[in-house]
Amino acid sequence: MHLYIVQKDINNLNHSAYLQEAVNSKADLICFGELSTTGILYDSKAVKSLDSLVSSFDEYPLGIMLGFPHQVDTKLYNGYLYYHQGMSQIYHKINLFYPMNEDGMYQSGKELGLFDTHLGRLGVALCFDLRFPDIFERLAELKADIIFVPAAFPLERIDDWKRLLVQRAIECRLPVVGINSVGTDGLYVFGGTSMVVDASGRVVVSAGETEEVVLDVEIDL
């Protein structure tokens with residue numbers, strides 16, 4: 001699988017340039033981080049509908065994954081989308097991080113993130129979910145081929161991020177892909193270090209802590 005993993009500034013809400021670059025690179029799947037359409041929300045902010053979010057995606061032939069606030073009736077979820085050629089699948093984050101007021105903004109999801117796609121079974125766990133090994137164990141039991149961890153993980157805890165991505169890959173015997181943010185939202189500094197870890201726990205490629213960067217990588221499933 002040819003992955004195009006985008007580590008961008010938390011305040012950079014532009015996706016179109018990256019999408020075209022991924023097409024030019026002949027990637028199968030482009031992956032953005034947690035809440036990449038809005039940045040981290042601590043209070044009310046305009047939220048796009050799913051239809052308006054994906055309205056321009058069909059011109060791109062690859063799979064697209066990105067985080068966004070997902071409004072369902074009167075409830076708001078921290079969502080992560082898989083979209084390909086008119087078909088969408090969405091995971092709602094299960095474990096909300098109360099120090100960043102997530103539980104004040106969002107409802108907790110109930111279902112595991114498992115996307116059945118033309119590329120395989122893609123598991124998803126969002127940021128704080130990384131600290132809950134049972135999620136990864138259950139995704140492995142459900143025959144996920146790979147697990148993605150989009151995040152807005154703070155720099156002050158980035159050593160935990162690196163350790164846990166490797167640990168989860170070893171425990172589940174699956175490749176794990178971490179997609180983090182950089183920059184600051186005025187309250188937190190985010191620590192980047194997006195990485196691909198293979199099923200043995202070996203770090204295949206890793207980004208730095210401060211710069212916007214793309215990891216353009218092939219991974220065997």
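The values are calculated or read from the model by the stated rules, or taken from the named source; none is laboratory data. The shown structure was predicted, so the numbers you read here are calculated from the model rather than taken from an experiment. With ideal geometry, Cβ positions are generated from the backbone for all residues, glycine too; neighbour counts draw on all protein chains shown.
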Before we move on, is TYR91 farther than 26 Å from SER55 by Cα and of a type in the set (Ser, Thr, Tyr)? no
Can you pull out every residue in the range 33-53 that is β-branched (Val, Ile, Thr) and surrounded by 18 or more Cβ atoms within 10 Å (Cβ to Cβ)? ILE40
Considering ALA46, ALA27, which residue is of a type in the set (Gly, Ala, Ser) and at pLDDT below 95? ALA46
For the range 199-220, which residues satisfy the criterion of being in contact with a Leu (Cβ under 8 Å, 6 or more places away or on another chain) and closer than 11 Å to LEU174 by Cα? ALA199
Those residues of the range 123-179 which are closer than 17 Å to GLU34 by Cβ, assigned to a helix (DSSP H, G or I) and of a type in the set (Val, Ile, Thr) amount to ILE135, ILE158
Would the range 16-24 turn up any residue that is surrounded by fewer than 20 Cβ atoms within 10 Å (Cβ to Cβ), without any contact (Cβ under 8 Å) to a residue 60 or more places away in the chain, in a loop (DSSP other than H, G, I, E, B) and among the aliphatic types (A, V, I, L, M)? no
Filter the range 1-49 for residues that are in contact with a Leu (Cβ under 9 Å, 6 or more places away or on another chain) and charged (D, E, K, R) and give the result. LYS26, ASP28, GLU34
Collect the residues in the range 176-190 that are surrounded by fewer than 24 Cβ atoms within 10 Å (Cβ to Cβ) and either out of contact with any strand residue (DSSP E or B) (no Cβ under 9 Å at 6 or more places or on another chain) or under 20 Å from GLY120 (Cβ atoms) (or both), keeping them in residue-number order. ASP185, GLY186, LEU187
Residues that are aromatic (Phe, Trp, Tyr), out of contact with any His (no Cβ under 7 Å at 6 or more places or on another chain), in a strand (DSSP E or B) and more than 25 Å from ASP198 (Cβ to Cβ): does the range 78-97 have at least one? yes
The residue from GLY178, GLY192 that alone is under 13 Å from the mean Cα position of the chain (by Cα), at pLDDT 95 or above and farther than 25 Å from LEU112 by Cβ is GLY192
So GLY186 clears everything in (1) assigned to a loop (DSSP other than H, G, I, E, B); (2) modelled with pLDDT of 95 or more; (3) over 24 Å from LYS143 (Cα atoms) except one condition, right? Which one? (2)
Surrounded by fewer than 24 Cβ atoms within 10 Å (Cβ to Cβ) and not in a loop (DSSP other than H, G, I, E, B): does that describe LYS110? no
Looking at LYS110, is it modelled with pLDDT of 95 or more and out of contact with any Ser or Thr (no Cβ under 9 Å at 6 or more places or on another chain)? yes
